Amino acid sequence: MPAEPASEPAARAPAATTADVAAEAPLAGVRVVEMTMYVQGPTSGLTLASLGADVIKIEQVGQADYMRNFTSLFGVAFDERGQEWLYGSVNRNKRSLVLDVASEAGRPVFERLIGQADAFISNMRADGLERFGADPDTLLGINPRLVYCRGGGFGMRGELADDMCQDTVGMAHAGFMDAISDSDVPTYPPGALSDILTGTNMASGVMAGLIKRARTGRGCVVGTSQTQALLWLTSQAVGVAANVGQRMDRFDVSGAWNPLFTVYETADGWIAIAALQDQHWQGLARAVGIESWLDDPRFATFEDLVANRDEFTPLFAEHMRTGTTDRWWRAIRGSGAWVSPVNRVEDVASNEDILANEYLVTFDDGFIGPPAMFDVDEFRGMRGSTADYGEHTDEILAELGYDDEQILELKIANAVW
């Protein structure tokens, strides 16, 4: 389907050709075989592919990846273009190989592919991997230098290791829904956050495994679970509960313990402010035109205003509503306090600073998204598009040494598409 033109603001993101970017890719030459589904596993492959790895995603014969056909998500209904974006959001920059890994004709292809791979990634459960002959012992037996990575749900060991798990229940189990809520009612943020975090951590595990292999000459098994990833993310909140026996205060926009460590409504939006020391407060007061408050004994110092926060907060909130977000942001930036507008998700694709840093770019297919999770020298991530179902099957088989006649035989046997 032809790509639609990008919106004008996002089109201003600095562009680079796929070939130009690939030349600087830090993982160029690394081959990864991916057997994944949904979001967590594919994000791992996306992360590695975004850094230049040759990620070969295996899809089932006669059954395209489920994410190709999702029609709605978190209240958003997708047309055909939306479906293309959703699948590509976790699968771009990969090659697609349609292969029946367990069939008599397809198994040798899979084993040859594994034999030439640097890494294997999957978020399938252990019993499924064993059924496909893709468990760690089997694949490391084929290729002792393979870095084998598996993503889990509730844990990699123990009673819950093989229970079904995805983003929703993973957040629940790890305490994340409670940690981020502003009340005792759990909160579930949209966007598969747990899956994306865990998949990104899986990719970090692969890169650590490749470094270990370079040192030892042997492959290894790496992996993580949603629980492990989320506990790492919430280590401060969990650490206070586990080690101090208390819990951090829930966020309350009008009742923060430190009234200069919160968000305030402005004339046209919201602004976030963070001040922790007296010098921050002194500069902030002058920046927003309330330096006279420094003569008020209730607010003369940072310690004073924190002690008198019940009186300070409504007065400061009323003052902040007299100016626009942009006005306050520009005034406070050089004051010594931390500050940022509270951007809405629909606005970030036109944010000049985000575009200048290439944190969001327009890809070859016209879709907009983040090209990588970090910079490596001048490398800012691959800019390729998303493969069609089975688009690279013949190409990959030829690379593995199969000639045209052998490829035809595999197709007749329904081992590949």
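The values are calculated or read from the model by the stated rules, or taken from the named source; none is laboratory data. Since the structure is predicted, the reported quantities are computational estimates derived from the model, not experimental observations. With ideal geometry, Cβ positions are generated from the backbone for all residues, glycine too; neighbour counts draw on all protein chains shown.
Some values worked out for this structure:
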quantity	calculated
Residue that is closer than 19 Å to Pro136 by Cβ and touching a Phe, Trp or Tyr at 6+ places or on another chain (Cβ under 9 Å), where the choices are Gly191, Gly209	Gly209
Selection status of Ala229, touching a Gly at 6+ places or on another chain (Cβ under 9 Å), in a helix (DSSP H, G or I), under 30 Å from Gly141 (Cα atoms) and modelled with pLDDT of 95 or more	yes
Subset tally (residues that are of a type in the set (Asp, Glu) and within 24 Å of Asn91 (Cα to Cα)) for region 153-197	2
Only one of Ala161, Ala241 that is without any contact (Cβ under 8 Å) to a residue 24 or more places away in the chain, aliphatic (A, V, I, L, M) and on the phi < 0 side of the Ramachandran plot	Ala241
Among residues of region 391-411, those that are in a loop (DSSP other than H, G, I, E, B) and crowded, with 21+ Cβ neighbours inside 10 Å, counted	0
3 or more residues under 28 Å from Asn93 (Cα atoms): qualifying helices (runs of 4 or more DSSP H) within region 296-386	352-356
Sole residue being of a type outside the set (Lys, Arg), within 21 Å of the chain's Cα centre (by Cα), crowded, with 18+ Cβ neighbours inside 10 Å and closer than 22 Å to Arg250 by Cβ, chosen from Met207, Met171	Met171
Residue check for Gly155: more than 19 Å from Leu210 (Cα to Cα), of a type outside the set (A, V, I, L, M), surrounded by fewer than 20 Cβ atoms within 10 Å (Cβ to Cβ) and touching a residue at least 40 places away in the same chain (Cβ under 8 Å)	yes
Test for Tyr359: is it out of contact with any Cys (no Cβ under 7 Å at 6 or more places or on another chain) and either aliphatic (A, V, I, L, M) or closer than 30 Å to Trp328 by Cβ (or both)	yes
Complete set of residues in region 328-349 that are out of contact with any strand residue (DSSP E or B) (no Cβ under 7 Å at 6 or more places or on another chain) and crowded, with 16+ Cβ neighbours inside 10 Å	Ala331, Ser335, Gly336
Residues (of a type in the set (Val, Ile, Thr) and surrounded by fewer than 18 Cβ atoms within 10 Å (Cβ to Cβ)) located in region 307-325	Thr322, Thr324
Flag for Val244 being loosely packed, with under 13 Cβ neighbours inside 10 Å, over 25 Å from Asp127 (Cα atoms) and within 26 Å of the chain's Cα centre (by Cα)	no
Single residue of region 268-284 satisfying the filter (over 11 Å from Phe302 (Cβ atoms) and touching a Phe, Trp or Tyr at 6+ places or on another chain (Cβ under 9 Å)) that is surrounded by the most Cβ atoms within 10 Å (Cβ to Cβ)	Ile273
Test: residue in region 379-390 that is within 17 Å of Ala49 (Cα to Cα), at pLDDT 95 or above and surrounded by fewer than 14 Cβ atoms within 10 Å (Cβ to Cβ)	yes
From Ala275, Ala287, residue being closer than 16 Å to Trp257 by Cα and in contact (Cβ under 8 Å) with a residue 40 or more places away in the chain	Ala275
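One line per residue, one yes/no per condition, for (1) surrounded by fewer than 16 Cβ atoms within 10 Å (Cβ to Cβ); (2) of a type in the set (Asp, Glu):
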site	(1), (2)
Ala53	no, no
Glu59	no, yes
Arg68	no, no
Arg81	yes, no
Leu86	no, no
Arg92	no, no
Leu97	no, no
Asp100	no, yes
Arg107	no, no
